[in-house]
1. Suppose the Debye formula is applied to equal point scatterers at every Cα of region 85-279; what is log10 I(q)/I(0) at q = 0.15 Å⁻¹?
2. Quote the FRET efficiency, to the nearest 0.05, computed for Glu429 versus Glu125 with a Förster distance R0 of 35 Å and r equal to the Cβ-Cβ distance.
3. Test of understanding: what is the full-extension gain from Thr85 to Ser132, defined as 0.36 nm times their sequence separation minus their Cα-Cα distance?
4. Using a 1.4 Å probe, how large is the accessible area of Ser132, given in Å² and rounded to the nearest 10?
5. Hey, with R₀ at 45 Å, roughly what FRET efficiency would Glu212 and Ala165 work out to, going by the Cβ-Cβ distance, to 0.05?
6. Give the accessible area for Tyr129 in Å² (nearest 10); use a 1.4 Å probe, count only protein heavy atoms, and leave out ligands, DNA and RNA.
7. First select every other residue whose beta carbon is under 15 angstrom from the beta carbon of Gly350; then total the charges, Lys and Arg +1, Asp and Glu -1.
8. Count charges around Leu204 for me, please; just the other residues with Cβ under 9 Å from its Cβ, Lys/Arg as +1, Asp/Glu as -1.
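The values are calculated or read from the model by the stated rules, or taken from the named source; none is laboratory data. On a predicted model such as this, the values are computed, not experimentally measured, just so you know. Here Cβ is always computed from backbone atoms with ideal geometry, including for glycine, and neighbour counts include all displayed protein chains. Quick note on the areas: whole protein, heavy atoms, side chains included, nothing else; ligands and nucleic acids left out. Shrake-Rupley method; radii C 1.70, N 1.55, O 1.52, S 1.80 Å.
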Amino acid sequence: MTEQRDCDLPLANSQQLSESTDEVRTKSVDKSWKKRITGVWNKARGRFVQLLPLEQVTQTTVGWFSVSETQVAEILETVRAKLPTTEALLIGKPQAGKSSIVRGLTGVSAEIVGQGFRPHTQHTERYAYPSSDLPLLIFTDTVGLGDVKQDTQTIIEELVKDLQASSRRARVLILTVKINDFATDTLLQVAQQLRKQYPEIPCLLAVTCLHEAYPPSTINHPDYPPEYQEINRALAGIDQAFTKLCDRTVLIDFTLEEDGYEPVFYGLEAFRDALAQLLPEAEARAIYQLLDQEALKQIGDLYRDAGRHYMLAFSVMAATVAAVPLPFATMPVLTALQVSLVGLLGKLYGQRLNPSQAGGVVSAIAGGFFAQAVGRELIKFVPGFGSVIAASWAAAYTWALGEGACVYFGNLMGGKKPDPQQIQSVMREAFKVAQERFKGIKS
Ligand SMILES: Nc1nc2c(ncn2[C@@H]2O[C@H](COP(=O)(O)OP(=O)(O)OP(=O)(O)O)[C@@H](O)[C@H]2O)c(=O)[nH]1
Ligand SMILES: [Mg+2]
């Protein structure tokens, strides 16, 4: 109290001295308090004005506070390196063109292709692409579905067993259907079951033997893609049945050289592109599944570290605001600060939140802390001492809120439902640590 007055207050004049000292003292105490408050307020306001272009400040800091994609890519690469080669599993009715696709992509001899009238592939065969010493992709050619000798359930069980056997692999399902084949119930059934059991495996629908639907006079393939009505009509029927099941559809016509069509592998580029678009997704999903705790933790730490830069800046800002000895006056500003922090952390984790959504996250994760926040404001009524407490408390609370938000967004990023217990315990722990750190933070 005393030193304050010494430095700030202008000296009192003699006439006033005659008035009862108490009154003077109280007036001067009031005046000094007011001056002090205005002084502190101006300082805070001054600081705040500096802080006001929050958005601007935030923008520049964002550049500093983002997670380096290269670091994330490096971690993912270590996981990817452990990933076995991706598998493209071909299924379809006999003579639908499964082996022709393998031949078209890998260049293996035409022996694997049938004559077009009786089932040819007798057992599952794997072919490496582009070569066995550098297998980027494995094509698994299966036995035609719906072959009289085998019942559908057995075929499904075998396929599922296959899929389970190589669960660590990234996989793409390739359904092959001839353009003019409408008896596809078995295939549909099998595909439905597989997709239900393995929703994470992307699925490509390859519609084959296009020229069987060309207008009779057509002697060779038109420019790709073919625009004939007959094709579109047939396709509409197939699409209706299969589109819900497949992520992409591609039209192809892979013939044998002696069939005299040019090009022999009509639609090969489109097929490659469609596959190429599905592979990263397949690999991303497989990588994600393979992401062991270690890699997940490493990536989580990267994001957490970037998040902590924000948290430090905002905790200091919160302390500065909270130090203003006006109980409750700073609450709205503090809340706005914390909502901005959570909004920015959301952005860091790839979530786009508007302020009210960020506010929703704050109240969702703040839990019991909020009530305490109010309690803390009350302490401000304790002259001097109060705002120091309030300042370090606000800093620690803002920090803990940041840690909680990182867990929340980390869960979402990992495709998990945010776990309130986990968030609360992380916040409690972080609050304790932060309180130590921010203890005696001077306003
Ligand atoms: N024109 C044309 N013929 C095709 C196409 N795909 C396959 N064929 C022909 O249809 C016949 C069967 O082709 P495959 O590739 O062996 O069919 P698959 O699905 O492997 O048959 P299975 O091994 O019996 O299950 C062969 O004569 C192929 O030349 C296509 O896209 N266009
Ligand atoms: Mg075959």
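1. Debye curve over Cα of region 85-279, log10 I(q)/I(0) at q = 0.15 Å⁻¹: -0.89.
2. Values: r = 55 Å, r/R0 = 1.58.
Computed FRET efficiency for Glu429 and Glu125: 0.05.
3. Numbers: separation 47, 0.36 × 47 = 16.92 nm, distance 1.09 nm.
Gain on extension, Thr85 to Ser132, equals 15.8 nm.
4. Surface accessible to solvent at Ser132 totals approximately 100 Å².
5. Numbers: r = 36 Å, r/R0 = 0.79.
After rounding, the FRET efficiency stands at 0.80.
6. For Tyr129, solvent-accessible area is about 50 Å².
7. Values: positive: Arg304, Lys347, Arg352, Lys416; negative: Glu69.
Around Gly350, the charge tally is +3.
8. Values: positive: Arg248; negative: Asp247.
Overall, the nearby charge balance is 0.
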